[in-house]
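Bear in mind that the values in this text are calculations on the coordinates, not laboratory data. A quick note: this is a predicted structure, and the numbers were derived from the prediction, not measured. Because the Cβ atoms are built from the backbone with ideal geometry, glycine has one as well, and the counts that use them run over all protein chains shown.
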Amino acid sequence: MEAHERPWRSVLYIPGSKERALEKARSLPVDAIIFDLEDAVAPDEKAQAREVLAAALAEGGYGARVRIVRINGLETEWGADDAATAARMGCDAVLMPKVGSPEDVERLAQLIPDLPIWAMMETPGGCLNAAAIAAHPRLQGFVMGTNDLAKDLGARFRPDRLSMMAALQICLMAARASGVICVDGVYNAFKDADGLRRECEQGRDIGMDGKTLIHPAQIEIANQVFGPSAEDLDLAKRQIAAFGEAVAKGEGVAVVDGQIVENLHVATARAMLAKARIIAQLEGK
């Protein structure tokens, strides 16, 4: 299945050093897991975490969940070993932190010739170079690192994320221009369900593919918001049917619920129905 065909509603960070968390992740209803060797692992645990994660991935049991390993930066003492180990792990992609340029992606590509690469977009320089980074032939997706980005910008967290919106949209446009995935940053207040829902809805509405999560309690809301609702699917079916009837009459547009329906709306509707079918298959429904 191609990356753009599958859902990315929920992308959960899991510490690569925590065996209990690695075990629990096998049963969580997430679309993808970021197995973290970077921020979630203390410096004196880095080497051990690498081996713990390699063993967990070799054991398997993660089903259809996409397995992404976030390594330490190649400028650190752990990065090269992380990359070399990840190249042999049973993972689906490698996530590189603090990507600032396509040259950074190329450095990693030389170390892992057979795996797709994802880029953490978490620095001002990285965001300004987003189009060139997204265009790298090995790049499969962006993960927005909003916490680090806010720190570098000196920005305050606001419910409307006005302070982050330029960076989010620049990276999203770059991703869309090159056909790669773009997943929104984390919501830190993991007990605030209403706040999480609002931020997920905002990310969905600007075009994000899904949400990175820091706690299993956030999964259900992300899956709901970034997955098509029953109302969405009903509208999509009615748009396709109405447009088909219009074309049969020699007309180029249809009207559904007082709104014009053209070819582009039908294409969006068909893509939504296809994604809903894939979600149902992945969830065993």
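Structure above, values below:
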item	result
Cut-off under 5 Å, modelled amide H: who pairs with residue 99 long-range	120, 122
Sparse-neighbourhood loop sites, trypsin sites (Lys or Arg not before Pro) in the stretch 1-107 - DSSP loop, at most 16 other Cβ within 10 angstrom	88
Whole-number Å³ per residue for the convex hull built on Cα positions in the stretch 151-215	89 Å³
Among 117, 27, 96 the positive-end extreme of the charge dipole of the stretch 1-126 (Cβ point charges)	27
Restricting the stretch 222-259 to trypsin sites (Lys or Arg not before Pro) in coil, as DSSP defines it, with at most 12 other Cβ within 10 Å	249
Cα gyration tensor shape for the stretch 3-115, rounded if a/c is under 1.5, else prolate or oblate	oblate
Loop GluC sites (Glu not before Pro), the stretch 161-266, which have at most 14 other Cβ atoms in a 10 Å radius of their Cβ (DSSP)	251, 262
Kirkwood Rh and Cα Rg combined as Rg/Rh, the chain	1.00
Farthest toward positive dipole pole in the chain [+1 Lys/Arg, -1 Asp/Glu at C-beta], among 53, 41, 226	226
Ratio of Rg to Rh over the stretch 61-204 (Cα coordinates, Kirkwood Rh, two decimals)	0.98
Local net charge near residue 199, Cβ-Cβ under 9 Å (Lys/Arg +1, Asp/Glu -1)	+2
Reciprocal mean inverse distance between Cα atoms of the stretch 230-282 - Kirkwood radius, Å	11.4 Å
0 to 90° range, to nearest 10: angle between helix 165-178 axis and the chain longest Cα axis	80 degrees
Point-charge dipole on Cβ atoms (K/R +1, D/E -1) for the chain, about Cα centre, debye to 20	500 debye
Simple Cβ-charge dipole of the stretch 230-282, Lys/Arg +1 and Asp/Glu -1, about Cα centre, in debye nearest 20	260 debye
Amide proton proximity set for residue 261, modelled H, under 5 Å, gap of 5+	254, 255, 256
Filter on 211/237; 18/46; 24/211 - keep pairs with C-alpha separation over 23 Å	211/237
